[in-house]
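One structure is given below, encoded as structure tokens.
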Amino acid sequence: MIGKINALIHVCGAVCEEQGEGAMAMNILGISGTPRKGGNSEILLDAALEPFVEANWNITRVLLSEKTIRPCVGCDTCAEGKGCRIEDDMCDIYRAYEQCDAIIISAPAYWRNVPAQLKAVIDRTYASKNGVLKGKLGGAMAVGRGQGGGQAMVISAIYNFYLSCGALCVPADINGVTAVADKPGDILSQPRRLEQARALGRNIICYARK
Ligand SMILES: Cc1cc2nc3c(=O)[nH]c(=O)nc-3n(C[C@H](O)[C@H](O)[C@H](O)COP(=O)(O)O)c2cc1C
């Protein structure tokens with residue numbers, strides 16, 4: 001299924017066409033916040049995106065392990081309506097924000113918080129178009145090596161980000177998805193967690209139809 005997601009991401013135009021004339025394709029933006037390629041956050045994100053393949057949504061998947069996004073410098077150029085003066089991969093995310101109907105962020109706990117790479121994205125969102133995520137749906141997933149290792153705080157940080165943007169938080173079973181895993185790929189041996197990630201995706205699709 002993960003291979004299928006990769007294939008569909010690269011042909012998302014074709015996915016639109018398959019939905020027939022007049023049908024408006026919905027767009028999901030998935031962001032993996034780990035700087036580690038092939039990390040547990042990326043795997044959880046792919047599981048959460050699986051239901052969107054079946055539901056024929058367009059999928060934009062952003063892996064921060066492949067991006068260079070510098071931190072906000074607080075210059076306030078954006079407050080003058082001139083956008084962000086830093087030119088880097090954040091441009092892709094600004095564009096994806098405008099196109100998406102829903103967003104899922106998956107991230108590891110780093111010192112019981114989000115990694116610097118994801119915090120940079122959150123801070124740089126300050127320069128995005130006003131209200132770009134307002135009323136859109138948001139899901140959150142967190143992984144850490146320890147039981148109670150700060151996953152709840154990572155979920156809270158992501159939810160606070162959504163709420164600050166006017167986005168709506170969508171739960172998996174009862175909250176965000178939290179997992180205990182350490183080495184890259186550890187999460188693959190936890191089918192229940194992967195199923196919770198899929199449940200989050202299914203809930204977002206379900207809420208979007210209401
Ligand atoms: C700089 C750093 C800080 C970390 N801090 C925590 C922590 O506070 N709590 C925790 O449970 N795990 C912590 N970990 C472990 C990672 O959360 C864990 O390895 C996770 O599986 C990494 O996710 P990834 O595979 O998506 O990169 C830390 C790892 C690093 C590199």
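Here, each number is a calculation from the coordinates, and none is a lab measurement. All figures in this text were calculated on a predicted structure; none of them were measured in a lab. A quick note on method: Cβ atoms are made from the backbone with ideal geometry, for glycine too, and the neighbour counts reach across all protein chains shown.
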In the range 130-166, which residues are in a helix (DSSP H, G or I), touching a residue at least 40 places away in the same chain (Cβ under 8 Å) and surrounded by fewer than 20 Cβ atoms within 10 Å (Cβ to Cβ)?
M153
Being among the aromatic types (F, W, Y), more than 14 Å from the ligand (Cβ to nearest atom) and out of contact with any Phe, Trp or Tyr (no Cβ under 7 Å at 6 or more places or on another chain): is that true of Y97 here?
yes
Residues that are away from the ligand (no atom under 11 Å from the Cβ), over 15 Å from the mean Cα position of the chain (by Cα), over 29 Å from D76 (Cβ atoms) and among the aromatic types (F, W, Y): does the range 196-207 have at least one?
yes
